[in-house]
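Nothing in this text is a laboratory measurement; each read-out follows from the coordinates by a stated rule. Nothing here was measured: the structure is a model prediction, and the numbers come from that model. With ideal geometry, Cβ positions are generated from the backbone for all residues, glycine too; neighbour counts draw on all protein chains shown.
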Amino acid sequence: MQKADCSAEGSWRGPFSAVSGYGDPGNRWVLGSLDMGFQRNLEPQSYRACAAAFAAINVCAQTVATLEPYHQRVLANSGREIITTSALSRILRNPNSYQTGSDFFLNLVFSLLSFGNAYALASRNDRSEVESLHLMPARETAPYLDPDDQSVYYGLGNNPLLGDLSMLVPARDVWHVRMHTPRHPLIGASPINHAVTAIAVNTAIGGNQAAFFNNMSRPSGVLTTDEKLTREQMGALREAWQERSHGMRAGDVPILTWGLKWQPMTITSEDAQLIDAYRLSIEDIARVFRVPLMLIGDYTKSTYNNAEQLIGSWLATGLGFLLGHIEKSLAKFFRLPATELVDFDVSALLRADLQARIDALTKGISGGLFSPDEARAREGLPAVEGGWGAMPRVQAQVVPLSQVAMSEPAVVPDV
């Protein structure tokens, strides 16, 4: 493991002397001074085999990937303007030569929620500006400490598009986003760690049901009769039933003779309890990831009518935290001043209900919150020609009594 050059504000490069005493270059998972039992290249029950856990991670990652991030500046009048010429704005649009911004943030959030950490290596130009960001595998990248000055370095994993990167890179050139850090400030823990039991139950029930239906499948019903049938008669009836109820002729009306009756098999109480346990495990997984059940395909407690309210609640809690966490981490990595920030545009998440959206914009215009041009821009419409829609406006029917007294002479009624 080589130590990268941190003596100048240039790009990362080596070789230099290795940092000794911290970390294990062969493991590259946690700091060597820590208890490694909780993350020694082990996972709880594989979440990839649990549809609910994968769905919870997937919906978060896909949602963040659909949102447009902007580099913004806060103006003196408390308004905001979008900065389009900075290094950060260029990275947000095009992080590297082989990924779009959507692809980059999709995989970054997957890594963050799956492993508790996401790493991106920065390359810099001659002006020390970040020129590109490259995602690194979380399971093969780890922080290290210099025993001399406690400086933080990162041992990089393998990115096939960057070649061999067996070196320690200073922290200023690695964007590290991490979740809750229960064991060390530099090592995040995935929410999966807190959903181990639910994932294990969900996976076990699913596996048992798959094995049952593969090996011990039972029919959905039986044919019963009080008549005594020969083996040949039972075979003929079975063939006749199969012919009418399977394949291309499914749905035809079978004719039952010899007093035959169709008796469907009902679900047992044990099966009902199993279904309840399976559903409870899904709720626990969604609870850990703070994702509404509807978004991972469970509509038992929600409908399409309250979908927007659920999205709004999610945006105020789980998704809102995730977006804010990434925004603040980016701002710190790019050393933005207090008047600048990163902001993901979440307006697209609240565009499902056209009537509610138009009503809100109309009230915003009439109340002076939006100018007509601002409201039109939110709907992707051009500004009003001539600049007539640039200023916010309010109705003037209701004015202070003092203004009425000043503008109109008092009229004294005749006595």
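So if each residue of separation counts as 0.36 nm, and I subtract the Cα-Cα distance between Asp149 and Glu129, what length gain in nm does that give? Working shown, then result.
Numbers: separation 20, 0.36 × 20 = 7.20 nm, distance 2.55 nm.
So the chain would gain 4.7 nm between Asp149 and Glu129.
Note the full-extension length gain between Glu239 and Tyr278 as 0.36 nm times their separation in residues minus their Cα-Cα distance, in nm to one decimal.
Contour length minus Cα-Cα distance gives 10.4 nm.
Work out the length of the dipole vector of segment 134-191 about its Cα centre, built from +1 on the beta-carbon of each Lys and Arg and -1 on the beta-carbon of each Asp and Glu, and round it to the nearest 20 debye.
320 debye
With each label point set 7 Å from Cα along the Cα-Cβ vector, what nm distance links Lys328 and Ala76?
3.0 nm
Say each of Gln355 and Glu140 gets a label point 7 Å from the Cα, pointing the same way as Cα to Cβ; how far apart are those two points in nm?
Rounded to a tenth, the inter-label distance reads 5.5 nm.
What distance in nm lies between label points placed 7 Å from Cα along the C-beta direction at Met391 and Thr85?
3.0 nm
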